[in-house]
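The values are calculated or read from the model by the stated rules, or taken from the named source; none is laboratory data. Every value quoted in this text rests on a predicted model; they were computed, and no experiment measured them. A quick note on method: Cβ atoms are made from the backbone with ideal geometry, for glycine too, and the neighbour counts reach across all protein chains shown. Ligands, DNA and RNA are excluded from the accessible area calculation, which covers all protein heavy atoms including side chains. Shrake-Rupley method; radii C 1.70, N 1.55, O 1.52, S 1.80 Å.
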Amino acid sequence: MSGSSKVLLVAAGGTIGMTYDERAKGYVPSLNAGEMLSWLKSKDLPCEVSVVDWSHQPSSHYNIRMMADLVELLRKEAAQGLSGIVVTTGTDSMEEMAYLVDLLWPYPYPVIFTGSMVPHGELSSDGPLNLYHSLLAAASESTWGLGVLVCFQDQLFAANEVCKLNSYRRDAIATLNKGPVAEIVANKICVLKKPKRGRVIEEMVQPAKEVEILWATLGGGERILKILAEDENLEGLVLAGFGAGNVNPAWVPQIRQIVRNDVPVVITSRCLQARVLTCYGYEGSAQKLIELGVLSGGNLTPLQARLKLAVGIGKGFTGKDLQSYLLDQ
């Protein structure tokens, strides 16, 4: 390895660290960070790489509490003179993991999330190349100031734009019409744009754990909402409404009760590209919900709104301060 840059490689599970197990009849976690790094032993990396084995679990097993632990680890390591950090993990919840870290990452150098859609050992495995490109990106000063990024298929995506669009193709990680922040061309990082980031919480906070999402469906959800309204442990609720942020009027009494219980409720849209609008005046519309005390999620996706709400609650924001934080996008 050459170069003076120092990059930390953190293993956090996922398909990239799995191999086939005959007894389990499927792919299971088996590889540690050092073993993954050995895939690149023939490469002249532009950095020194140290490794941390944080977790070998599938990303579908994680929760907000576990991710808060990861954020604390990354922030602690950030003080060790690093040029960047690479986190290998599963694609199932990668967009949420990267976004949560981005909300709490005040440092100039990047955290690069990566993984693979095809396990190591298979002919079409994308793990080694994604890992190599991620290390190049983490060691490059061109990625400083871009926040948390996701590296897949020769591209770097902003944490607040990336999503998983497919469950089986190697190009599953992408954005909806926003494109990558940078491309890796001939092992060079070519920055295309600087992503817009909202407010970053400077100090470490413990996000609220008991924050739920309820998706609006045709005539559905009323029973679930009633259960949530009676749950004394509920800390926050995100509504993934129809269209511009509208819900069935049968939801309104329970929503009103949750708001009266001083539990923050946020309205978003379940549409793939959306923004909450207050142009409708009928019962259950975003306008009427906001009049009840529901907060607007603006153009946050339901997944993003849940995580940002959890961080805002953990920070101690309430009322107008919490609304302002949510809309700082």
Residue hits (region 98-122; without any contact (Cβ under 8 Å) to a residue 40 or more places away in the chain and either open to solvent by less than 10 Å² (accessible area, probe 1.4 Å) or among the polar types (S, T, N, Q) (or both)) are Pro110, Val111
Evaluate the following for Leu309: is it within 26 Å of the chain's Cα centre (by Cα) and either open to solvent by less than 30 Å² (accessible area, probe 1.4 Å) or under 14 Å from Leu214 (Cβ atoms) (or both)? yes
Reported set for region 147-169 where residues are in a loop (DSSP other than H, G, I, E, B) and open to solvent by less than 10 Å² (accessible area, probe 1.4 Å) is Gly147, Ala159
> Being over 21 Å from Met204 (Cα atoms), assigned to a loop (DSSP other than H, G, I, E, B) and among the small types (Gly, Ala, Ser), is that true of even one residue in region 271-280?
Replying inline: yes
Checked pairs for region 190-217, first closer than 16 Å to Met66 by Cβ, second in a loop (DSSP other than H, G, I, E, B) and open to solvent by less than 10 Å² (accessible area, probe 1.4 Å), C-beta under 9 Å and 6 or more apart or across chains, list as Met204/Leu104; Val205/Leu104; Pro207/Leu104
- Tell me, yes or no, whether region 83-93 has at least one residue that is open to solvent by less than 10 Å² (accessible area, probe 1.4 Å), touching a residue at least 40 places away in the same chain (Cβ under 8 Å), within 24 Å of Gln206 (Cα to Cα) and small (Gly, Ala, Ser). yes
Report task. Kindly indicate whether any position in region 302-313 is outside any helix (DSSP H, G or I) and touching a residue at least 60 places away in the same chain (Cβ under 8 Å). Result -> no
Of the residues in region 63-79 that are open to solvent by 30 Å² or more (accessible area, probe 1.4 Å) and free of Cβ contacts under 8 Å to residues at least 60 places away in the same chain, the one that is farthest from Val101 (Cα to Cα) is Ala79
Screening Val265, Val276 for residues that are closer than 17 Å to Trp215 by Cβ and open to solvent by less than 10 Å² (accessible area, probe 1.4 Å) leaves only Val265
Scanning region 1-19 for residues that are over 20 Å from the mean Cα position of the chain (by Cα) and in a loop (DSSP other than H, G, I, E, B) gives Met1, Ser2, Gly3, Ser4
Scanning region 125-141 residue by residue, those of a type in the set (S, T, N, Q) and under 18 Å from Ser50 (Cα atoms) turn out to be Asn130, Ser134, Ser140
Contact list, first residue from region 130-144 and more than 11 Å from Leu45 (Cβ to Cβ) and part of a helix (DSSP H, G or I), second anywhere and at pLDDT 95 or above and open to solvent by 20 Å² or more (accessible area, probe 1.4 Å), beta-carbon distance below 7 Å, six or more apart or interchain, is His133/Asp154; Ala137/Ile189; Ser142/Ile189; Ser142/Val191; Thr143/Ile189
Pairs returned, first residue in region 20-38 that is closer than 30 Å to Glu48 by Cβ and part of a loop (DSSP other than H, G, I, E, B), second residue that is open to solvent by 60 Å² or more (accessible area, probe 1.4 Å) and of a type in the set (A, V, I, L, M, F, W, C), beta-carbon separation under 9 angstrom, 6 or more apart or interchain, are Asn32/Val51
Among residues of region 210-232 being assigned to a loop (DSSP other than H, G, I, E, B) and touching a strand residue (DSSP E or B) at 6+ places or on another chain (Cβ under 7 Å), the residue most open to solvent (accessible area, probe 1.4 Å) is Gly221
Filter region 179-196 for residues that are hydrophobic (A, V, I, L, M, F, W, C) and assigned to a loop (DSSP other than H, G, I, E, B); the one that is least open to solvent (accessible area, probe 1.4 Å) is Val181
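Any residue at all in region 233-245 that is assigned to a helix (DSSP H, G or I) and either surrounded by 15 or more Cβ atoms within 10 Å (Cβ to Cβ) or at pLDDT 95 or above (or both)?
no
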